[in-house]
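Remarks on the structure that follows.
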Ligand SMILES: *Cc1c(COP(=O)(O)O)cnc(C)c1O
């Protein structure tokens, strides 16, 4: 199986090359040249497999230059009971008296869904580097607004031939997220705060990636830059697995017995990676009725799906679901490529328009396809807050702020369509304990009064909801920060080179 660039079909690479490189040289994204298709009988067979065996099976159909032994090895190292709490890394929870099933994706080491991909990507990458990069050391540079940075650190710590450096905006992450990163262990990690906002950090890091002097110096020292963000195919593929797994769970429970019984999938969406994986699962034979794209107040995708016009020229809101505060959803490019049946010229043109004017409009045909497949709506801050309380009161289920956006948009979908009968999978992307303050205030406006710090709030949340504090958050208490550096945004290049012991 080969991978093509969304902006030029003549660029064709192996899966190892696609993973090692991250992004194509023409700035396009790598997509598989074709997709395997599983029949309903195959899906019934899949329902007899555990998570890791299912993953090895599906990975094998995409990563054809990996041996099945090495895929098995990657999977075994990634999804251990030690890291994910139980034998199965995800959990499917039914909401009583509804057709909704919550797919909890946050039982990994950093309590957010990004662990599902970032626990396995380093193993894919180590294997790929051995084959395609002559033993060079990969240097992963990551700009983060919170969740990605910690998940990448946990995934890449102590990985062979890889160094990882994470930069975050000094005042732009939550206290808990900062503490998670500052207390990171591992002999190949570095974390530094940057004086500036997330855009400053992101822009600074992108500049280093393409700085020819920097790249040359790395090369002379037998190193190369690589990326762990969600444009890497090695991050999307692992996310396809859990949609099959949760569909199989409905088969196991007898809720689905034949192919005509389709499912809805609701995804709280930011960079469009998670919902794109659900779309790909549909292409591979998972019977989907609607993909429900849930946004917060940064509702650029809601507008796009409903009008066919993507316009990032709008106000940016900082919300209580910060991992979805995004105006350019990178992975949308892969969907557009697919809906145009691989029209690389058109994709390249629209992406140029986006970067030059901040806007593009797709053809009527594409818009019709989009609206056929997707339902899109958004949740305001008030809606999100109310949803956390309603869902807890009604179902005794405690959701985080991102998951609440999905639950709210699902509710709006039900009101608009009356589709109460279709089995629906709702992706839950973070533990409520990662966003304790907003969650506790949604439940009870005075509940945090008298709490002295974030750990006080966490204890209180546990007490009033009778739920258990997740390990990755509980274990932070009392830990001392190791990484206390902070730098000016202009000094990023110096910091990176110094850290690699390379002279400027
Ligand atoms: C990253 C993230 C999202 C958004 O996922 P995308 O793949 O970027 O659309 C949603 N919720 C949480 C908690 C996240 O960390």
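Is it true that some residue in segment 97-105 is in contact with a helix residue (DSSP H, G or I) (Cβ under 6 Å, 6 or more places away or on another chain) and farther than 20 Å from residue 251 by Cβ?
no
Residue 464 - would you say it is in a helix (DSSP H, G or I) and within 30 Å of residue 167 (Cβ to Cβ)?
Details: in a helix (DSSP H, G or I): yes; within 30 Å of residue 167 (Cβ to Cβ): no.
Taking the combined requirement at face value, the residue does not satisfy it.
Taking residue 305, is it more than 12 Å from the ligand (Cβ to nearest atom) and farther than 27 Å from residue 92 by Cα?
So residue 305 fits the description; yes.
Inspect segment 329-352 for any residue being closer than 28 Å to residue 439 by Cβ and either buried (at least 19 other Cβ atoms within 10 Å of the Cβ) or in contact with a helix residue (DSSP H, G or I) (Cβ under 7 Å, 6 or more places away or on another chain) (or both) and give the result as yes or no. Before the answer, list the steps.
Taking segment 329-352 and keeping what is closer than 28 Å to residue 439 by Cβ, we get 329, 331.
After this cut, where a residue has to be either buried (at least 19 other Cβ atoms within 10 Å of the Cβ) or in contact with a helix residue (DSSP H, G or I) (Cβ under 7 Å, 6 or more places away or on another chain) (or both) as well, the list is 329, 331.
Taking every residue of segment 329-352 in turn, at least one turns out to be closer than 28 Å to residue 439 by Cβ and either buried (at least 19 other Cβ atoms within 10 Å of the Cβ) or in contact with a helix residue (DSSP H, G or I) (Cβ under 7 Å, 6 or more places away or on another chain) (or both).
Restricting segment 467-495 to residues that are touching a helix residue (DSSP H, G or I) at 6+ places or on another chain (Cβ under 6 Å) and in a helix (DSSP H, G or I), which is surrounded by the most Cβ atoms within 10 Å (Cβ to Cβ)?
The selected residue is 492.
Given the conditions (1) in contact with a strand residue (DSSP E or B) (Cβ under 6 Å, 6 or more places away or on another chain); (2) within 30 Å of residue 162 (Cα to Cα); (3) within 14 Å of the ligand (Cβ to nearest atom), report the number of the one that residue 291 does not fulfil.
(2)
Mind listing whichever residues of segment 206-265 are within 16 Å of the ligand (Cβ to nearest atom) and either in a loop (DSSP other than H, G, I, E, B) or over 24 Å from residue 61 (Cα atoms) (or both)?
If the condition is that a residue be within 16 Å of the ligand (Cβ to nearest atom) and either in a loop (DSSP other than H, G, I, E, B) or over 24 Å from residue 61 (Cα atoms) (or both), then 227, 228, 229, 230, 231, 232 are the ones that fit.
Would you please name the residue that is farthest from the ligand (Cβ to nearest atom), looking only at residues in segment 319-349 that are outside any loop (DSSP other than H, G, I, E, B) and free of Cβ contacts under 8 Å to residues at least 24 places away in the same chain?
345
How many residues are under 26 Å from the mean Cα position of the chain (by Cα) and either within 18 Å of residue 15 (Cα to Cα) or surrounded by fewer than 18 Cβ atoms within 10 Å (Cβ to Cβ) (or both) if we restrict to segment 133-145?
The number of residues fulfilling the criteria is 1.
Could you grab the pairs with beta carbons closer than 6 Å, sequence gap of 6+ or different chains, first residue in segment 68-97 and closer than 14 Å to residue 109 by Cβ, second one modelled with pLDDT under 95 and surrounded by fewer than 17 Cβ atoms within 10 Å (Cβ to Cβ)?
81/87
Could you count how many residues in segment 309-324 are surrounded by fewer than 18 Cβ atoms within 10 Å (Cβ to Cβ) and under 22 Å from residue 266 (Cβ atoms)?
Result for segment 309-324: 1.
Which one of these is within 16 Å of the ligand (Cβ to nearest atom) and assigned to a loop (DSSP other than H, G, I, E, B): 298, 313, 274?
Numbers: 313 fails: within 16 Å of the ligand (Cβ to nearest atom); 274 fails: assigned to a loop (DSSP other than H, G, I, E, B).
After applying the criteria, what remains is 298.
Please specify each residue of segment 170-200 satisfying the condition of being within 16 Å of the ligand (Cβ to nearest atom) and in contact with a helix residue (DSSP H, G or I) (Cβ under 9 Å, 6 or more places away or on another chain).
Scanning segment 170-200 gives 172, 173, 174, 176, 177, 180, 181.
Which condition from (1) part of a helix (DSSP H, G or I); (2) in contact (Cβ under 8 Å) with a residue 12 or more places away in the chain; (3) away from the ligand (no atom under 16 Å from the Cβ); (4) out of contact with any helix residue (DSSP H, G or I) (no Cβ under 6 Å at 6 or more places or on another chain) is the one that residue 123 breaks?
Condition not satisfied by residue 123: (4).
Run residue 65 past the list (1) in contact with a helix residue (DSSP H, G or I) (Cβ under 8 Å, 6 or more places away or on another chain); (2) under 20 Å from residue 277 (Cα atoms) and report the number of the one that doesn't hold.
That leaves (2) as the condition not met.
With respect to residue 464, determine if the residue is loosely packed, with under 15 Cβ neighbours inside 10 Å, within 23 Å of residue 387 (Cα to Cα) and either touching a strand residue (DSSP E or B) at 6+ places or on another chain (Cβ under 9 Å) or touching a residue at least 24 places away in the same chain (Cβ under 8 Å) (or both).
Considered against the rule, which asks whether it is loosely packed, with under 15 Cβ neighbours inside 10 Å, within 23 Å of residue 387 (Cα to Cα) and either touching a strand residue (DSSP E or B) at 6+ places or on another chain (Cβ under 9 Å) or touching a residue at least 24 places away in the same chain (Cβ under 8 Å) (or both), residue 464 comes out as yes.
State which residue is nearest to the ligand (Cβ to nearest atom) when the search covers only segment 149-164 and only residues that are surrounded by fewer than 23 Cβ atoms within 10 Å (Cβ to Cβ) and closer than 22 Å to residue 495 by Cα.
157
Having 3 or more residues that are within 22 Å of the chain's Cα centre (by Cα) and either buried (at least 16 other Cβ atoms within 10 Å of the Cβ) or at pLDDT 95 or above (or both) is the bar; report the helices (runs of 4 or more DSSP H) wholly within segment 36-120 that clear it. So that I can check it myself, show each step before the final result.
Values: elements: 40-46, 51-62, 68-78, 81-84, 115-118.
Counting at least 3 such residues, we get 51-62, 68-78, 115-118.
The values are calculated or read from the model by the stated rules, or taken from the named source; none is laboratory data. All values derive from a computational prediction rather than experimental measurement. All Cβ positions, even for glycine, are placed from backbone atoms using ideal geometry, and neighbour counts span all protein chains on display.
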